[in-house]
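**Q** Here you go, one structure.
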Amino acid sequence: MDDNHIVERVLFSAEEIQKRVRELGAAISADYREAGTKNERTRPLLVVGLLKGALPFMADLIRAIQVPMEYDFIAVSSYENGTVPGEVRVLKDLERAVAGRNLLVVEDIVDTGHTLRHITRRLQARDPASIKVCTLLDKPHRREVEVEVDYVGFKLEDPWFVVGYGLDFGELYRNLPYIGALRSECIERCER
Ligand code: 5GP
């Protein structure tokens with residue numbers, strides 16, 4: 001795979017990502033351990049991954065979480081072959097009932113916030129005990145709707161479109177072990 005021609009620069013190396021994931025896992029474990037002791041009857045945490053982008057992050061994160069947990073997935077439509085936000089469509093729903101459960105939604109990146117708002121509203125309607133959100137990346141300056149994010153891996157202050165570690169460009173580059181900024185020439189070419 002030749003990623004040199006599309007990646008302008010590496011923003012977060014594989015090592016930096018793994019270190020941050022361990023920190024997030026420790027923080028999440030501490031918070032839910034605390035919540036668990038307050039209510040002994042709480043059922044195990046349900047970690048809800050948003051496919052496809054969150055898959056590598058989720059796979060690493062769950063192994064850094066040290067409280068009893070289950071996981072499930074929701075698949076949502078992503079941007080179609082480009083970098084412009086489209087409408088949110090649910091392609092695959094949860095298999096587990098969520099009423100009364102503590103949910104941790106795991107996202108790859110929160111950009112405009114539309115995806116997350118849509119998903120959290122949908123889950124909220126099923127009466128969970130709580131919903132928290134963990135995102136690998138956050139682009140706060142791009143927000144169009146207000147959403148609450150509890151755990152953030154890295155904030156992106158620059159207007160990068162990023163690829164790697166689950167994040168795609170036209171479905172490619174999800175398998176890069178690092179997170180890189182897409183070359184701007186590449187965005188222009190593909191939006192034409
Ligand atoms: P939002 O609904 O918050 O605008 O967008 C969330 C989704 O947009 C993410 O789950 C991701 O699929 C996509 N997205 C937003 N920014 C980027 C980016 O910089 N790179 C990639 N590959 N996807 C992005």
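**Q** Roughly what % of Cα-Cα distances in the chain sit above 24 Å, to the whole percent?
**A** In whole percent, the share of Cα-Cα pairs in the chain beyond 24 Å is 38.
**Q** Further, regarding this structure: For segment 179-184, what does the Karplus curve 6.51 cos²θ - 1.76 cosθ + 1.60, with θ = phi - 60°, yield as ³J(HN,Hα) per residue in whole Hz, taken in order and with x for Gly and Pro?
**A** My calculation for segment 179-184 gives 10, x, 8, 6, 4, 5 Hz in order.
**Q** Work out from phi, with θ = phi - 60° and the Karplus expression 6.51 cos²θ - 1.76 cosθ + 1.60, the ³J(HN,Hα) of each residue of segment 56-64, listed in order in whole Hz, and give x for Gly and Pro.
**A** Listing the rounded values in order: x, 4, 4, 4, 6, 4, 4, 7, 9 Hz.
**Q** Under a 5 Å amide H to amide H cut-off, with H placed in plane at 1.01 Å, what residues pair with Tyr71 once short-range neighbours are removed?
**A** For Tyr71, the qualifying residues are Val47.
**Q** Report, in degrees rounded to the nearest 10, the 0 to 90 angle that the Cα long axis of helix 14-38 makes with the longest principal axis of the chain.
**A** With both axes taken from Cα atoms, the answer is about 20 degrees.
**Q** Let me have the relative contact order for the chain, percent, based on Cα pairs under 8 Å that are six or more residues apart.
**A** Answer for the chain is 25 percent.
**Q** Distance in nm between label sites at Arg143 and Ser130, each 7 Å beyond Cα in the beta-carbon direction?
**A** Between Arg143 and Ser130, the label points sit 2.0 nm apart.
**Q** As I understand it, the dipole of the chain uses +1 on the Cβ of Lys and Arg and -1 on the Cβ of Asp and Glu, about the Cα centre. Which of Pro140, Ile62, Tyr178 lies farthest toward its positive end?
**A** So the residue furthest toward the plus end is Ile62.
**Q** Helix 114-124 versus the longest principal axis of the chain: what angle, 0 to 90°, nearest 10, using Cα atoms?
**A** Approximately 20 degrees, to the nearest 10.
**Q** Out of residues 5 or more away from Leu11 or on other chains, whose amide H comes under 5 Å of its own, with H placed 1.01 Å from N in the peptide plane?
**A** For Leu11, whose amide H was placed from the backbone, the distant partners under 5 Å are Ile179, Gly180, Ala181.
**Q** Would you grab the residues whose amide H sits under 5 Å from the one on Ile131? Only those 5+ places off in sequence or on another chain, please, with H modelled 1.01 Å from N.
**A** Close amide H contacts, sequence-distant or interchain: Leu103.
Bear in mind these aren't lab numbers, they're just calculated from the coordinates by the rules spelled out. Being a predicted model, the structure only gives us computed values, none of them experimental. Reconstructed Cβ throughout: ideal geometry from the backbone, glycine too, with neighbour counts over all protein chains shown.
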